[in-house]
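Here's the structure, in structure tokens; my notes come after.
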Amino acid sequence: MKYLLLLLVLILAFSCQTNTSKQVDQNSTSAPEATSLRHQTDTLLNTQDYLILGNTSNEVEVIKANQMRDYSGFEVLAEYEDDLIIGKAVSRDQLSLFRKFNPTTTFKDYSVEVYQGALAEPDFSTAPDAKAFESRIKDACNNGINFAGHYTLVIWGCGAPCQTGVVVNRKTGEIIEGYQTSLGSDFRKDSKLIIMNSAAIDPNTNLIEICSYCTVSEEVWTGKGFEGL
């Protein structure tokens, strides 16, 4: 019995030592990774509209297009709307470029009442080219109003990344073309506001990683088309 108890004590002691060693190993391997990540993501520029990360030796600026002549030795790294992101002796792939999504309005600011009357079927005579997507448009319309009070916004893919579509007036049946995005949109049945390329916005940080097709815009439906704010 004495030898059995001694054996159990030895087993428990060895087990505790092994677990402690594992915990120390895990901590020691994670610290260098965190330090390395920190060095790779120094904040080079942090303004109301932009966040740029890279190495501290990198020199970057955000300017308007008409200011480029004042920045000798700089090269254009990226564009966002009418802004240029420029750098000196640095390449685009050395940086992480983000635009901050600062909405100027809300869906409630453009709220509308949702139509409760009889819904008109899509009238393809108003947009003959939409006839090629007749089944898709009719199927979407069967689900009712989904946009701007009395419209059905119908969207389909046109490549990667690309979405196109039409807006159907459910009071008259008129089909209105002109919807085009790269990364989808966010809209409501009781609002005229639409956020184009909404999938470019990181939901946790509200950052938009800058790319050639990632421009996010807030637009309002006028009844005949989309108008930027």
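The values are calculated or read from the model by the stated rules, or taken from the named source; none is laboratory data. It should be emphasised that the depicted structure is a prediction, and the values quoted were computed from it without experimental measurement. Counting neighbours? That spans all protein chains shown, and the Cβs are built from the backbone with ideal geometry, glycine included. These accessible areas exclude ligands, DNA and RNA; they are computed on the full protein's heavy atoms, side chains included. Shrake-Rupley method; radii C 1.70, N 1.55, O 1.52, S 1.80 Å.
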Exercise. Has region 40-60 got at least one residue that is at pLDDT 90 or above, within 30 Å of Ile195 (Cβ to Cβ) and either over 23 Å from the mean Cα position of the chain (by Cα) or basic (Lys, Arg) (or both)?
Worked result: yes
Exercise. Residues that are farther than 30 Å from Ala78 by Cα and either more than 24 Å from the chain's Cα centre (by Cα) or free of Cβ contacts under 8 Å to residues at least 60 places away in the same chain (or both): which strands (runs of 3 or more DSSP E) entirely in region 96-185 hold 3 or more of them?
Worked result: 151-157, 163-169, 175-181
For this session: Among the residues of region 58-102, write down those that are of a type in the set (Lys, Arg) and either open to solvent by 70 Å² or more (accessible area, probe 1.4 Å) or in contact with a Gly (Cβ under 9 Å, 6 or more places away or on another chain) (or both).
Result: Lys64, Arg69, Lys88, Arg92
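It is to be established whether one or more residues within region 162-175 are acidic (Asp, Glu) and exposed (fewer than 12 other Cβ atoms within 10 Å of the Cβ).
No, that holds for no residue.
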For this session: Find the residue count for region 201-229, including only residues that are open to solvent by 50 Å² or more (accessible area, probe 1.4 Å), under 19 Å from Asp83 (Cβ atoms), of a type outside the set (S, T, N, Q) and in contact (Cβ under 8 Å) with a residue 24 or more places away in the chain.
Result: 3
Problem set entry | Of the criteria (1) touching a strand residue (DSSP E or B) at 6+ places or on another chain (Cβ under 6 Å); (2) over 27 Å from Gly117 (Cα atoms); (3) hydroxyl-bearing (Ser, Thr, Tyr); (4) surrounded by 18 or more Cβ atoms within 10 Å (Cβ to Cβ), which one Ser182 fails | (1)
Exercise. If a residue has to be under 13 Å from Ile210 (Cβ atoms) and at pLDDT below 95 to count, how many in region 61-75 make the cut?
Worked result: 0
Exercise. If we keep just the residues of region 134-144 that are out of contact with any Asp or Glu (no Cβ under 9 Å at 6 or more places or on another chain) and open to solvent by 10 Å² or more (accessible area, probe 1.4 Å), which is nearest to Phe124 (Cα to Cα)?
Worked result: Glu134
For this session: Find the residue count for region 186-200, including only residues that are outside any strand (DSSP E or B), touching a residue at least 60 places away in the same chain (Cβ under 8 Å) and surrounded by 18 or more Cβ atoms within 10 Å (Cβ to Cβ).
Result: 2
Exercise. From the set of residues in region 107-133 that are in contact with a helix residue (DSSP H, G or I) (Cβ under 7 Å, 6 or more places away or on another chain) and surrounded by 14 or more Cβ atoms within 10 Å (Cβ to Cβ), which is farthest from Lys171 (Cα to Cα)?
Worked result: Ala130
Problem set entry | Residue list for region 186-204, restricted to those being more than 10 Å from the chain's Cα centre (by Cα), of a type in the set (Ser, Thr, Tyr) and farther than 22 Å from Gly144 by Cα | none
